[in-house]
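Asker: I have a structure I would like to understand better, so I am pasting it below and will then ask my questions one at a time.
The values are calculated or read from the model by the stated rules, or taken from the named source; none is laboratory data. These numbers were taken from a predicted model, which means no experiment stands behind them. Note that we place each Cβ from the backbone using ideal geometry, even for glycine, and neighbour counts take in every protein chain shown. Areas reflect the complete protein model, heavy atoms only, side chains present, ligands, DNA and RNA absent. Shrake-Rupley method; radii C 1.70, N 1.55, O 1.52, S 1.80 Å.
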Amino acid sequence: MVTANRIHQVALAHFAEYGYDGASMAKIAEEVGIKKPSIYAHYKSKEDLFLHVLQGVFQEELDYVGALLRRNEQTALHDQLKQVLTLYKESYAKKPELKFMLRMSFFPPAPLHEQVMGQLYAFLDRLESGLVPLMAQGIRTREIGAVHPEQAATAFMCILDGLFVELLYGGPERFERKLEASWALFWRGLTCESNGGIQREQQQ
């Protein structure tokens, strides 16, 4: 039996390769092995299918980052945060889902601009909210100074947003250069008020 999940998977590949306008419902149905009208038993329209696919990709990305942080919860805050940024370069090269997510976030289909932006901001807000307890823990353990956890999480998201741009436009070398420069100043700002923070930053 053909499931909505199978349609979702094939549609993701088509939207990632051809974009929203270039993807064909008929081609998606053909690859799934069904007639085009059968798709509408699961999704109301091409727009509905696209938004479900995009929402699924955002959720998978949240799950991925959350699992990464949980696996490394005993790791130093410096290393946890730096790893999140570094792994995005590797993921971009390997995961078509991430390429699709970023391309649609920066270049949303005109008819769906509002809906895509709503999903994007919800994703970014949830990701940022998940970082706040991490920053608060860093303050308690004196890994970082007496900063506001919410501001620290927001600043981290600014770095991540800039690096997303480099993934799309700049390539690996520009990504690395921007990562190292922005990370050095970000971490120095977090640690400048903690005991030994400047010394730790200089050793990284």
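Asker: At 1.4 Å probe radius, can you tell me the per residue accessible area of the chain in Å²?
Answerer: Working: 10950 Å² over 204 residues.
Ligands and nucleic acids excluded, the figure is 54 Å² per residue.
Asker: Next up: Could you look at the chain and say what percent of its accessible area is carbon and sulfur, using a 1.4 Å probe and all protein chains?
Answerer: Ligands and nucleic acids excluded, carbon and sulfur reach 53 percent.
Asker: Does a label point 7 Å from the Cα of residue 140, set along Cα-to-beta-carbon, have any residues of region 77-98 with amide nitrogen under 19 Å, and which are they?
Answerer: 77-81
Asker: Compute the convex hull volume of the Cα atoms of region 20-139, divide it by the residue count, and report the result per residue in Å³ as a whole number. All intermediate terms of the calculation are to be shown ahead of the outcome.
Answerer: Values: hull volume 15.1 nm³, N = 120.
Per residue, the Cα convex hull of region 20-139 comes to 126 Å³.
Asker: Between beta-carbons, use under 14 Å as the cut-off and find the net charge around residue 51, counting Lys and Arg +1, Asp and Glu -1. Write down the numbers at each step before the final one.
Answerer: Values: positive: 44, 46; negative: 47, 48, 114.
Within the 14 Å Cβ shell, the charges total -1.
Asker: Assigning unit charges at the beta carbon (Lys, Arg +1; Asp, Glu -1) and nothing else, what dipole magnitude in debye, to the nearest 20, does region 1-94 show about its Cα centre?
Answerer: Here region 1-94 has a charge dipole of around 180 debye.
Asker: Restricting the calculation to Cα positions, tell me the Rg (one decimal) and the Dmax (whole number) of the chain in Å.
Answerer: According to the Cα coordinates of the chain, Rg and Dmax are 19.9, 66 Å.
Asker: Can you sort 90, 173, 166, 97 by 1.4 Å-probe accessible area, starting with the largest? Present the calculation step by step, with values, prior to reporting the outcome.
Answerer: Numbers: 90 85, 173 160, 166 20, 97 55 Å².
These residues rank, largest area first, as 173, 90, 97, 166.
Asker: Next up: Nothing charged except the Cβ atoms of Lys and Arg (+1) and of Asp and Glu (-1): what's the magnitude of the dipole of region 51-121 about its Cα centre? Round to the nearest 20 debye. Write out the running numbers ahead of the final one.
Answerer: On the way: 8 positive and 8 negative charges, 50 e Å.
Its charge dipole is roughly 240 debye.
Asker: Setting aside same-chain residues fewer than 8 positions from residue 46, which aspartates and glutamates have a Cα under 17 Å from its Cα?
Answerer: Those aspartates and glutamates meeting the cut-off are 17, 21, 30, 31, 114.
Asker: Sticking with this structure for a sec: I'd like to know which of 147, 65, 160 lies farthest towards the positive end of the charge dipole of the chain, counting +1 on Cβ of Lys and Arg and -1 on Cβ of Asp and Glu.
Answerer: Toward the positive end, the furthest listed residue is 65.
Asker: Now, a different point. Compute, for the chain, the length of the dipole vector about the Cα centre, with Cβ point charges of +1 (Lys, Arg) and -1 (Asp, Glu) only. Units Debye, rounded to 20.
Answerer: Numbers: 22 positive and 25 negative charges, 64 e Å.
Here the size comes out at about 300 debye.
Asker: Hey, another quick one. What is the distance, in nm, between label points placed 7 Å from the Cα along the Cα-to-Cβ direction at residue 177 and at residue 125?
Answerer: Modelled inter-label distance: 3.7 nm.
Asker: Straight-line reach from residue 94: which lysines fall under 25 Å, measuring Cα to Cα and dropping same-chain residues less than 8 apart?
Answerer: Output for residue 94: 27, 82, 178.
Asker: Once the other residues with Cβ under 12 Å from the Cβ of residue 60 are scored (Lys, Arg +1; Asp, Glu -1), what is the net sum?
Answerer: Numbers: positive: 95; negative: 61, 63, 97.
Taking every other residue near residue 60 into account, the sum is -2.
Asker: Could I ask something else about it? Given only helices, namely DSSP H runs of n ≥ 4 each adding -39500 (n - 2.57), what is the per-residue ellipticity at 222 nm of the chain, to the nearest 500 deg cm²/dmol? Present the calculation step by step, with values, prior to reporting the outcome.
Answerer: On the way: 10 runs with 162 residues, N = 204.
Taking each H run of at least 4 residues, the total per residue is -26500 deg cm²/dmol.
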